[in-house]
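Presented below is the structure to which this report refers.
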Amino acid sequence: MFGKIEHLGIAVKSLEEANEVYTKLLGRKPYKSESVASEAVETSFFMTGENKIELLAATNENSAIAKYVAKRGEGIHHVAFAVEDIKAELSRLEKEGFQILNKEPKRGADNKWVAFVHPKGTNGVLVELCQEIEE
């Protein structure tokens, strides 16, 4: 089953500029930045109490984030939920009729296995499932 909201993903044009804005807004700097080559994005994470904000900027014009920003502008891109067993959740959601964008979880940012549910079935919201990678 779904756990807490793991983070909110915000698509931005410039990670550097967005980091400045969110540093001022939240009163703290990002605790982590990393590249996710498979998604062609650079990310930054901010803690806000027990919650996280992930800023995502495209590293090339073909990435999903670049296409999102070009079509919709900067803003909330996805809501991510923590799950204990991502494969079981993907199977459950598929049986419930949701369109799964990743049949198999893939390595994402912040040491997580991730997979996405298409926004067409979730009232226009891209849903990400996140499971901590235990190594």
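The values are calculated or read from the model by the stated rules, or taken from the named source; none is laboratory data. From a predicted model like this one, the values you see are computed outputs, not experimental measurements. Counting neighbours? That spans all protein chains shown, and the Cβs are built from the backbone with ideal geometry, glycine included. The area values use the complete protein model at the heavy-atom level, side chains included, leaving out ligands, DNA and RNA. Shrake-Rupley method; radii C 1.70, N 1.55, O 1.52, S 1.80 Å.
What is the number of the single condition among (1) acidic (Asp, Glu); (2) out of contact with any Gly (no Cβ under 9 Å at 6 or more places or on another chain); (3) not in a helix (DSSP H, G or I) that Glu54 does not meet?
Going through (1) acidic (Asp, Glu); (2) out of contact with any Gly (no Cβ under 9 Å at 6 or more places or on another chain); (3) not in a helix (DSSP H, G or I) one by one, Glu54 breaks only (2).
Considering only segment 27-35, I want to know if a residue exists there that is of a type in the set (Gly, Ala, Ser) and either touching a residue at least 60 places away in the same chain (Cβ under 8 Å) or farther than 20 Å from Val12 by Cα (or both).
Checked segment 27-35: no residue is of a type in the set (Gly, Ala, Ser) and either touching a residue at least 60 places away in the same chain (Cβ under 8 Å) or farther than 20 Å from Val12 by Cα (or both).
Which of the residues spanning segment 71-120 are in contact with a His (Cβ under 6 Å, 6 or more places away or on another chain) and surrounded by fewer than 17 Cβ atoms within 10 Å (Cβ to Cβ)?
Correct list: Gln99, Leu101.
Which of the residues spanning segment 39-50 are under 13 Å from the mean Cα position of the chain (by Cα) and open to solvent by 40 Å² or more (accessible area, probe 1.4 Å)?
Glu39, Glu42
Among the residues that make up segment 7-17, is at least one of them at pLDDT below 95, within 26 Å of Lys106 (Cβ to Cβ) and out of contact with any Lys or Arg (no Cβ under 8 Å at 6 or more places or on another chain)? Steps first, please.
Start the filter on segment 7-17 by keeping residues that are at pLDDT below 95, which leaves none.
No, there is no match, as no residue in segment 7-17 is at pLDDT below 95, within 26 Å of Lys106 (Cβ to Cβ) and out of contact with any Lys or Arg (no Cβ under 8 Å at 6 or more places or on another chain).
Show the residue pairs meeting these rules: Cβ distance below 7 Å; 6+ apart or different chains; first residue within segment 11-24 and farther than 15 Å from His77 by Cα; second residue open to solvent by 30 Å² or more (accessible area, probe 1.4 Å).
Qualifying pairs under 7 Å: Asn19/Pro30; Thr23/Lys29.
Checking the condition touching a Ser or Thr at 6+ places or on another chain (Cβ under 6 Å), under 24 Å from Pro119 (Cβ atoms) and of a type in the set (A, V, I, L, M, F, W, C), which residue from Leu8, Leu56 passes?
Step by step, each of Leu8, Leu56 is checked, and only Leu56 is touching a Ser or Thr at 6+ places or on another chain (Cβ under 6 Å), under 24 Å from Pro119 (Cβ atoms) and of a type in the set (A, V, I, L, M, F, W, C).
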